[in-house]
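Please treat every number below as a calculation from the coordinates, not as lab data. In this text, all values refer to a predicted model and were calculated from it rather than measured experimentally. Note that we place each Cβ from the backbone using ideal geometry, even for glycine, and neighbour counts take in every protein chain shown.
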Amino acid sequence: MNWLTNWSPSWQWFHRLGSPRWFYQTTGRWLPWLSLLALALLSTGLVWGLGFAPQDAKQGNSFRIIYLHVPASFLALAGYYIMAIAGAIGLIWKMKLSYMVMKSAAPIGAALTFLALFTGAIWGKPTWGTYWVWDARVTSMLILLFLYLGVLALQYAFHSNEAGNRASAILALVGTVNIPIIYKSVDWWYTLHQPATIKLTSAPSMHSDMFQPLLVMILGFYCFYTVALFLFTRAEILRRERKSTWVKELVIGAQH
Amino acid sequence: MNFQFENLQQLLAMDGHGPFVWTAVLVSLAVMLWLIIKPLADSEAAQKDVARDIARATNPNGEA
């Protein structure tokens, strides 16, 4: 039956990807470069957006909050996909590492959703005259925050890890119905929130002098998100695998 | 592409929008910093636990 085990080299990456040890070592090599890239993109984008981009004709300088608000919202949503997909892989293939990624994505997603809501509220005051409005977009983002917090809470609600993981993954998957609602909320309902600035299918509705720094910030947030996800997952790996030989060797190696 | 403000005071004031913009910036940076420091501290704590387990295993009675 050797052919069964040797047959499929193309699946090797999948099994390797499922190995916490391989993940820990590989991300360890990537992290310095990725962190540097994130730092460079974020500082460039922030200085460009805050100091050099022209001010908005209608909103004045308050529009500069867009350089944090839009990237944070982007990653709050993209991070939800990552969490839900990681949960689904965990449910289907019972992959330990996948659950660890899901668990790590929850606090990062919650933090970024909080930032999206917070920067939005601060932007709302000078623009709409109020910090908070029960608008479709804002409310559905608040639900996203509760979904993230729910996934986080379920992890600690069960005695067994396995039960907590499964419950979290199911909540994450059920919660994906909220994502298209968030995207479409500005089109479906007449709301205070302005329609999307960037769409994949059409040109951005803003001048390129304003748009370029936003693009840099979004890329920077993607890199930052990846760094944060790697760091949280690595911490979780060390915690869960603390009895394994390779973690012990790693710690002994670090002591010398 | 020019710098949009005459001096530091103007950059901070942003025609009255400064408090809003800079609060958004500071809170965002603080949250992002937390997202980096928290997992690093957790990793550090986990490695210390492992080191303690190893020390206990090699010297079970805690004798020096």
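In degrees, nearest 10, range 0 to 90: what is the angle between the Cα axis of helix B:18-58 and the longest Cα principal axis of chain B?
Result, in degrees: 10.
State, to one decimal in nm, how far the label point of residue A:160 lies from the label point of residue A:29, with both points 7 Å from Cα in the Cβ direction.
Using points 7 Å along Cα→Cβ, the separation is 3.7 nm.
List, in the order given, every pair from A:243/B:38; A:103/A:125; A:103/B:48; A:58/A:199 whose Cα-Cα distance in the structure shown is over 28 Å.
Cα-Cα > 28 Å for A:103/A:125; rest within.
How many angstrom lie between the C-alpha centres of segment A:123-171 and segment A:214-239?
19
Can you figure out the FRET efficiency of residue A:254 with residue A:57, using R₀ = 56 Å and their beta-carbon distance, to the nearest 0.05?
Result of the calculation: an efficiency of 0.50.
Output the DSSP H helices from chain A with an along-axis C-alpha extent of no less than 24 Å and a mean Kyte-Doolittle hydropathy no less than -0.5.
Details: long enough: A:20-47 (39 Å, 0.60); A:66-93 (40 Å, 1.64); A:96-128 (47 Å, 0.78); A:136-155 (29 Å, 1.83); A:208-240 (47 Å, 1.01).
Helices passing the filter in chain A: A:20-47, A:66-93, A:96-128, A:136-155, A:208-240.
Grab the Cα-Cα distance for residue A:244 and residue A:36, subtract it from 0.36 nm times how many residues apart they are, and report the gain in nm with one decimal.
Going from the current span to full extension adds 71.8 nm.
Mind checking the full-extension length gain between residue A:199 and residue A:125? Use 0.36 nm per residue of separation minus the Cα-Cα distance, one decimal, nm.
24.1 nm
Restricting to DSSP H runs of at least four residues, report the calculated mean residue ellipticity at 222 nm for the protein assembly as shown, -39500 (n - 2.57) per run over all residues, nearest 500 deg cm²/dmol. Please list the in-between numbers first.
Values: 12 runs with 237 residues, N = 320.
Result for the protein assembly as shown: -25500 deg cm²/dmol, rounded to the nearest 500.
What does the convex hull of the Cα atoms of chain B come to per residue, in Å³, rounded to a whole number?
Each residue corresponds to 159 Å³ of Cα convex hull volume.
Can you give me the three principal axis dimensions of chain A from its C-alpha atoms, in Å, biggest first?
Each principal axis gives a Cα extent; for chain A these are 69, 38, 38 Å.
Could you work out the relative contact order of chain A, using alpha carbon pairs under 8 angstrom and six or more residues apart, expressed as a whole percent?
Relative contact order for chain A comes out at 29 percent.
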